[in-house]
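*Asks:* Mind looking over this structure? Questions follow.
The values are calculated or read from the model by the stated rules, or taken from the named source; none is laboratory data. Small disclaimer: the values here were computed from a predicted structure and weren't measured. Glycine also receives a Cβ, built like all others from the backbone with ideal geometry; neighbour counts cover every protein chain displayed.
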Amino acid sequence: MGSPKALLPISGMPFIEEIVRALKGTKVDDIIVVVGHHAAEIQERIAHLPITVVVNEDYKKGQLSSLVAALRSLQSRTDSAKIDGLLVHLVDHPFISPPLVDEMIDRFYQSRKLIVVPRCRGRRGHPVLFSRALFSELLRTPVDQGAKAVVHAHRDQTLEVETEYEGVTIDIDTPEEYRRYLEGR
């Protein structure tokens, strides 16, 4: 992308700041931001946000390594037994709907499913909510398989929340996708 995705501007602020702003308007208790590549630069730019920053030294191993870093951070907390689940949102999915996040959290508690994921027009998206019951499995999953391996292993315990909010499926991975999004606005 030429610069860290987390710092790309969208709606007048960096991706990461837009995501944190949206999550602060939800039932999410604590926000953990995992940084890896360009960690110092990103940390400096997000120091003002009401978050906990976790540095993933193994970021080259892929996305699951960041989830593992977040889980280890959670496990080290004195209140870790009170944590019911973890909402995972990727920085290259800069759009998030606070009402949808709250609905996912409510449906998580109502359904008792292990995984809650939004679905728009037949496509699953982000964020994904994992029950605490899956934390040890996520920690044991080979990093090359990613969290998708855990999701696939628990299809019968996954709740899909239907939404018309297309932001759940917008993934900006390339400069071309980023330009296309900016031109379309």
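*Asks:* Quick test for you: out of Val53, Val35, pick the one residue that is in a strand (DSSP E or B), under 17 Å from the mean Cα position of the chain (by Cα), of a type outside the set (S, T, N, Q) and within 17 Å of Gln75 (Cα to Cα).
*Replies:* The match here is Val53.
*Asks:* Looking only at segment 135-155, how many residues end up being modelled with pLDDT of 95 or more, over 16 Å from the mean Cα position of the chain (by Cα) and buried (at least 18 other Cβ atoms within 10 Å of the Cβ)?
*Replies:* 0
*Asks:* A further question on this structure: Quick one: what pairs do we get from segment 162-176, first residue closer than 11 Å to Arg123 by Cα, second part of a helix (DSSP H, G or I), C-beta under 6 Å, 6+ apart or different chains?
*Replies:* Thr163/Leu100
*Asks:* Right, another one. How many residues does segment 69-103 hold that are under 16 Å from Val55 (Cβ atoms), aliphatic (A, V, I, L, M) and surrounded by fewer than 13 Cβ atoms within 10 Å (Cβ to Cβ)?
*Replies:* Result for segment 69-103: 0.
*Asks:* Report yes if some residue within segment 8-31 is under 13 Å from the mean Cα position of the chain (by Cα), free of Cβ contacts under 8 Å to residues at least 60 places away in the same chain and under 22 Å from Arg107 (Cβ atoms); otherwise report no.
*Replies:* Yes.
*Asks:* While we're here: Counting just the residues of segment 135-185 that are assigned to a helix (DSSP H, G or I) and hydroxyl-bearing (Ser, Thr, Tyr), which one comes out farthest from Gln75 (Cα to Cα)?
*Replies:* Checked segment 135-185; the qualifying residue farthest from Gln75 (Cα to Cα) is Tyr181.
*Asks:* While we're looking at this one, here's another question. Just name the residue that is farthest from Val35 (Cα to Cα) out of those in segment 65-102 that are touching a residue at least 60 places away in the same chain (Cβ under 8 Å), of a type in the set (A, V, I, L, M, F, W, C) and assigned to a helix (DSSP H, G or I).
*Replies:* Within segment 65-102, the match that is farthest from Val35 (Cα to Cα) is Leu100.
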